[in-house]
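Below: one structure, written as structure tokens.
The values are calculated or read from the model by the stated rules, or taken from the named source; none is laboratory data. These numbers were taken from a predicted model, which means no experiment stands behind them. Note: ideal-geometry Cβ built from the backbone for every residue, glycine included; neighbour counts use all protein chains shown. Keep in mind that these areas ignore ligands, DNA and RNA; they rest on the heavy atoms of the full protein, side chains included. Shrake-Rupley method; radii C 1.70, N 1.55, O 1.52, S 1.80 Å.
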Amino acid sequence: MTDRRIVFVVFDGFQPLDLTGPHEVFHSAGGYACEVVGARAGPVRSVSGLVMEAAHGVDGLDPAGTDTLVVVGGQGVDRARQDADLVAWVAAAAAGARRVASVCSGVFLLAAAGLLDGRRVTTHWARAEQLTREHPEARVDCDPIFVRDGRVWTSAGVTAGMDLALALVEDDLGRDAAHEVARRLVLFLRRPGGQSQFSVALWSRQPATDPVRAAVTAIHSDPGARHDIAGLAAHAGLSPRHLQRRFTAELGVPPAAYVERVRVEAAQRALTDGDEPVDAIARRCGFVTAETLRRTFHRRLGVAPSDYRARFRSTTGPSGSSGPGSDPTEEGRTA
């Protein structure tokens with residue numbers, strides 16, 4: 001069987017991991033022929049100074065026959081999308097490609113090529129406002145780490161490109177093949193596309209003092225534990241009133257709100273990682289009842305736990321066929 005042709009588009013000032021991460025995923029999976037094209041053939045300098053070799057320039061590579069087009073991101077994308085020849089080549093390759101994908105701010109090149117009209121897309125959280133402002137034809141959702149809308153796949157920044165590539169491998173070769181790639185590359189299989197870019201651990205303020213740090217550690221160590229203000233105060237060695245004041249001042253949210261956010265993330269992971277019943281997940285993650293979990297999910301995420309599982313648990317079904325909301329045809333574009 002002929003290898004699927006994956007063509008990566010790079011430019012001066014690209015983010016190197018946007019290229020090397022997905023490239024390694026496809027290479028490890030086997031069955032793919034990966035090519036790199038730039039505005040011109042030859043060395044291309046990344047934003048960090050690492051120089052990569054583009055084997056082809058757009059004037060020397062036929063865009064026809066591309067199975068999957070992957071446009072990388074990086075600070076240089078703003079200049080690259082002004083390159084008429086590069087944009088025209090991306091549009092031509094996308095016209096015949098089975099799939100079109102972008103990593104991080106590479107979505108701006110897709111937009112310049114006219115590929116985002118009416119599409120739900122994502123990008124790095126730091127570029128979402130710009131994308132929304134400059135391309136109102138797209139429906140920008142900066143929360144997920146990757147989004148599939150028909151044959152167009154877009155991802156958040158940097159390492160999210162590897163999650164996207166694993167999902168593409170799973171779409172082609174099935175879950176077992178993607179799992180083997182993840183094991184080989186020591187990756188987490190698989191952060192679901194709907195997982196937020198805004199994890200509590202990454203995006204909240206960090207504790208400034210040891211007592212509050214002790215309370216935060218207790219919450220993350222066991223999200224399903226009681227974690228009322230008295231229990232957290234005992235971990236911190238402070239009075240409940242003192243902890244309430246210190247916690248809110250250092251992290252920007254009160255303890256109860258922080259606990260709920262961590263529990264929601266724990267439930268999201270449980271829903272997408274296994275078959276445990278929703279009521280069991282609710283108890284284990286500290287919600288006590290499935291109804292409490294359902295109300296919290298609706299308030300925070302706008303979706304029921306069962307619907308969240310159905311949408312984000314797997315890109316493909318058990319046999320490798322498209323799962324819910326993943327029809328690769330134009331008619332299957334998600335709402």
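If E291 satisfies all but one of (1) of a type outside the set (A, V, I, L, M); (2) more than 25 Å from Q206 (Cα to Cα); (3) modelled with pLDDT under 95, what's the number of the condition it fails?
(3)
Are any residues in the range 218-250 modelled with pLDDT of 90 or more and polar (S, T, N, Q), and if so, which ones?
Within the range 218-250, S239, Q244, T248 meet the criteria.
Considering each of R263, R283 in turn, give the residue that is assigned to a helix (DSSP H, G or I) and either in contact with a helix residue (DSSP H, G or I) (Cβ under 6 Å, 6 or more places away or on another chain) or open to solvent by 50 Å² or more (accessible area, probe 1.4 Å) (or both).
R283
Determine whether A167 is within 14 Å of the chain's Cα centre (by Cα), in a helix (DSSP H, G or I) and either more than 19 Å from C34 (Cβ to Cβ) or at pLDDT 95 or above (or both).
On the way: within 14 Å of the chain's Cα centre (by Cα): yes; in a helix (DSSP H, G or I): yes; either more than 19 Å from C34 (Cβ to Cβ) or at pLDDT 95 or above (or both): no.
When the stated conditions are applied, A167 does not pass them.
I'd like the full set of residues that are of a type outside the set (K, R), open to solvent by 10 Å² or more (accessible area, probe 1.4 Å) and within 14 Å of L293 (Cα to Cα), limited to the range 266-275.
Within the range 266-275, A266, Q268, A270 meet the criteria.
With respect to A41, determine if the residue is open to solvent by 50 Å² or more (accessible area, probe 1.4 Å) and of a type in the set (G, A, S).
yes
Quick check on my filter: what residues within the range 156-188 are open to solvent by less than 70 Å² (accessible area, probe 1.4 Å) and without any contact (Cβ under 8 Å) to a residue 24 or more places away in the chain?
Scanning the range 156-188 gives a single hit, A182.
Residues are listed down the side, and each one gets a yes or a no for (1) basic (K, R); (2) in contact (Cβ under 8 Å) with a residue 12 or more places away in the chain; (3) out of contact with any strand residue (DSSP E or B) (no Cβ under 9 Å at 6 or more places or on another chain):
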site: R99; (1), (2), (3): yes, yes, no
site: L110; (1), (2), (3): no, yes, no
site: L115; (1), (2), (3): no, yes, no
site: T122; (1), (2), (3): no, yes, no
site: A126; (1), (2), (3): no, yes, yes
site: I145; (1), (2), (3): no, yes, no
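Would you pick out the residues in the range 7-27 that are touching a Leu at 6+ places or on another chain (Cβ under 8 Å) and either free of Cβ contacts under 8 Å to residues at least 40 places away in the same chain or farther than 13 Å from A177 by Cβ (or both)?
Of everything in the range 7-27, those that are touching a Leu at 6+ places or on another chain (Cβ under 8 Å) and either free of Cβ contacts under 8 Å to residues at least 40 places away in the same chain or farther than 13 Å from A177 by Cβ (or both) turn out to be V7, F8, V9, V10, F11, P16, P22, E24.
With V72, V140 as the choices, which residue is without any contact (Cβ under 8 Å) to a residue 24 or more places away in the chain and under 20 Å from the mean Cα position of the chain (by Cα)?
One residue alone meets the criteria, V140.
List the residue pairs whose Cβ atoms are under 9 Å apart, where the first residue sits in the range 28-43 and is free of Cβ contacts under 8 Å to residues at least 24 places away in the same chain and farther than 11 Å from A55 by Cα, the second is open to solvent by 20 Å² or more (accessible area, probe 1.4 Å) and of a type outside the set (A, V, I, L, M), and the two are 6 or more positions apart or on different chains.
Pairs that qualify, where the first residue is free of Cβ contacts under 8 Å to residues at least 24 places away in the same chain and farther than 11 Å from A55 by Cα and the partner is open to solvent by 20 Å² or more (accessible area, probe 1.4 Å) and of a type outside the set (A, V, I, L, M), are G30/D3.
What is the number of the single condition among (1) buried (at least 19 other Cβ atoms within 10 Å of the Cβ); (2) of a type outside the set (S, T, N, Q); (3) in contact with a Lys or Arg (Cβ under 8 Å, 6 or more places away or on another chain); (4) not in a loop (DSSP other than H, G, I, E, B) that F11 does not meet?
Against the list (1) buried (at least 19 other Cβ atoms within 10 Å of the Cβ); (2) of a type outside the set (S, T, N, Q); (3) in contact with a Lys or Arg (Cβ under 8 Å, 6 or more places away or on another chain); (4) not in a loop (DSSP other than H, G, I, E, B), F11 comes up short only on (4).
For the range 242-251, which positions are over 11 Å from I229 (Cα atoms) and either open to solvent by less than 40 Å² (accessible area, probe 1.4 Å) or in contact with an Asp or Glu (Cβ under 8 Å, 6 or more places away or on another chain) (or both)?
Within the range 242-251, E250, L251 qualify.
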